[in-house]
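The next block holds one structure in the form of structure tokens; read it before the comments.
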Amino acid sequence: MKVLKVLNFTTDLMRHEDMTQNRLAIQTLCLSLLLILLSCCHSLINNDTQTLIDFKDTVDVGKQLGSWGVGDPCKHFWKGVTCRRSRVIHLTLANLELHGSAHVLSSLDQLRILDLTGNSLNDSLPDVSNWQNLKFLYLSQNQFSGGLPNSTSSLGRLLNLDLSNNNLSGEIPASFQHFGHLLSLRLENNMFSGSIPPINLTTLQDFNVSGNQLSGNIPSSLERFGSSSFEGNSHLCGRPLSPCISSPTSVPSASSPSPISSTPKSVPISNKGSGSRLSKGAIVAIVLGDAAAIIIMTLLFLLYYWKRNTVRKPSTRRPEEQGGQYSLQVPEAERSRLVLFDGIDHPFELEDLLRASAEMLGKGSFGTAYKAVLESGLSVAVKRLKDVSISGRKEFEQHMELIGNLTHPNLVWLQAYCYAKEEKLLVYDYMPNGSLYSLLHGNRGPGRTPVDWTTRVKLALGAARGLTYIHDTFGSHKMAHGNIKSSNVLVDKDGNPRISDFGLALLMNTKSTPLRAGYRAPEQNDSRKISQRADVYSFGIVLLEILTGKAPAQSQAQDDGIDLPQWVQSVVREEWTAEVFDFELMRYKNIEEEMVAMLQFAMVCVSHSPEQRPKMSQVVKMIEDIRGDQTPSGIDSTGSQSRSPLSEVARSSL
């Protein structure tokens, strides 16, 4: 028995030693793998660093890259270098007197942006097969030569490509047709030859191949671009340039018909001679034609006379019953005096308003708005309120006095109001340039003039200042707007934003005037109680509109828009990419960090919890910090890249 116990003990000990050895072997293996991974990561980082140093040694003849070589480029500030997860993703080195080859940069396989504009770099273009994540490539105003490398077809995520003002030659590759996200293609002032491939990209907004040696017919898919995009190619033809001639050197043969001029100098002579009489049918046709012309002229005269009288004599019908022209008629039994606020340059009476020609501007949550042109030539905006919850005159007038005393450069000023039992009219300054909503979403497609980044920031900042004024004016009363949306951010004749409809939410019947679904804060699902925190949420949606170019849902069915916060989160959850931004903004350089910083703050504004949202005064400060004193292009007067105050926050996110 003792022998068996000893044997069992020995066996257990051996098993324990085997398990210990196995555990040690597994731990050793894991440690080795970890060291290998760390070594690989360190090697990659060292490779990026070494690549930059090699590039500096090759091209920095003007000694502009003095900060390079000190420490890690991702931890210490190396001019023009931006990193993410210890890898170089942005390299912006414009106008730095660089001279030489850029081939060494081919190994930077995590690049998103490469800007080498305005240097003296030469040799052929580098191999771009490793740049599969590249989105912005700016190599214009250098001395690159040769053709486009075959590896260009690997740039599937490219948004902007600018190779203009170089010495490039060869044919334009047809692979550009497969760049499904391409927004801008600039190849002007090179030596490209051959024909233009049939590039048919709906995303393409900017295209230029002028000043080359191209020939042949311009593809129909590119005819939408102006003649300036193709000029300077002597053998290029077709719309929008002069028409192509199939065989310009051929001479018409005797058997072929001679071409006939579109404006012949002679008219074929009739066989019957010029002195023959007109037939009876021709005479009847002439008489009937004259009679028809007289009838048409008479009808036009009567129509003109009728319109003239209808303008001078206002109709008694309500606006909703009429066609293109409207009358702001108030039943005589219900008329009241028009109350004007102090400071109006050209006072007018109610009768002047009722005699004015009116044009409907649109229907909103609180009523219908009209443009009224008085006989003096003054244009005003008149809002006919609907479903007003305040029934008493005194209470209504007190509220109007409250609204009329709100004066700020970024608010639409209330000039006057009229109270009647069944009719309440408000008279505002007329804003001739529409709304932020129409600027962002109107007429999208070919021929549209996009709203640039500087203008969008200007409108956002002005609207934020106006809303801050509303929130701060009444101190502890904490007045709120209650209906912030991009269609209520109007634009005056000078291009400045003005918030409209402020103060009206407290007047209206809350059950009949629900907020548009896309702008409503989560806490307002069961209640229309307005608050400043809900205003901040709605303004955050406006910021997302400005950044994405997408309209939020306007109804619960969401047939005419999307849930913007949810859509942005779904994109951001995968990766911070340019896919979330309006493609119309992708043509502008050096604004990516500003857009990312504003996107981050917009998402804080639309936080589900009201307590997590900032105050409007903080929103104003954020927008001011993002823009700073930068020029619209993000380049300062010396040509160097200027940095946004919040760029360090954005650097870790793009």
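The values are calculated or read from the model by the stated rules, or taken from the named source; none is laboratory data. Being a predicted model, the structure only gives us computed values, none of them experimental. No Cβ is skipped: glycine too gets one built from the backbone with ideal geometry, and neighbour counts run over all protein chains shown.
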Might you check whether a residue that is in a helix (DSSP H, G or I), among the β-branched types (Val, Ile, Thr) and in contact (Cβ under 8 Å) with a residue 24 or more places away in the chain occurs anywhere in segment 402-410?
yes
Please find, among Ser365, Ser376, the residue that is hydroxyl-bearing (Ser, Thr, Tyr) and either at pLDDT 75 or above or not assigned by TED's automatic domain parsing to the domain that holds Arg393 (or both).
Ser376
Do we find that Ser145 is in the same structural domain as Phe55 (by TED's automatic domain parsing), within 23 Å of Glu171 (Cβ to Cβ) and either crowded, with 22+ Cβ neighbours inside 10 Å or in contact with a strand residue (DSSP E or B) (Cβ under 7 Å, 6 or more places away or on another chain) (or both) in this structure?
yes
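Name every residue in segment 104-125 that is more than 14 Å from Gln143 (Cβ to Cβ) and more than 29 Å from the chain's Cα centre (by Cα), in order of residue number.
Matches in segment 104-125: Val104, Leu105, Ser106, Ser107, Leu108, Asp109.
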Among residues of segment 148-198 being in contact (Cβ under 8 Å) with a residue 60 or more places away in the chain and part of a strand (DSSP E or B), the residue surrounded by the most Cβ atoms within 10 Å (Cβ to Cβ) is Asn160
What are the pairs, 6+ residues apart or on separate chains, where a residue within segment 540-552 that is outside the structural domain of Lys485 (by TED's automatic domain parsing) has its Cβ under 7 Å from a residue that is part of a helix (DSSP H, G or I) and aliphatic (A, V, I, L, M)?
none
Any idea which of (1) at pLDDT 50 or above; (2) farther than 29 Å from Glu593 by Cβ; (3) not basic (Lys, Arg) is the one Asp60 doesn't satisfy?
(2)
Checking Gly238 against (1) free of Cβ contacts under 8 Å to residues at least 24 places away in the same chain; (2) closer than 24 Å to Thr117 by Cα, which single condition isn't satisfied?
(2)
Kindly provide the set of residues from segment 174-197 that are modelled with pLDDT under 90 and in contact with a helix residue (DSSP H, G or I) (Cβ under 6 Å, 6 or more places away or on another chain), ordered by number.
Ser175, Leu183
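Given the structure, is Leu414 more than 18 Å from Met479 (Cβ to Cβ) and either under 31 Å from the mean Cα position of the chain (by Cα) or surrounded by 15 or more Cβ atoms within 10 Å (Cβ to Cβ) (or both)?
No.
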Got a sec? Which of Ser438, Ser487, Ser476 is at pLDDT below 90, at negative phi and of a type in the set (S, T, N, Q)?
Ser476
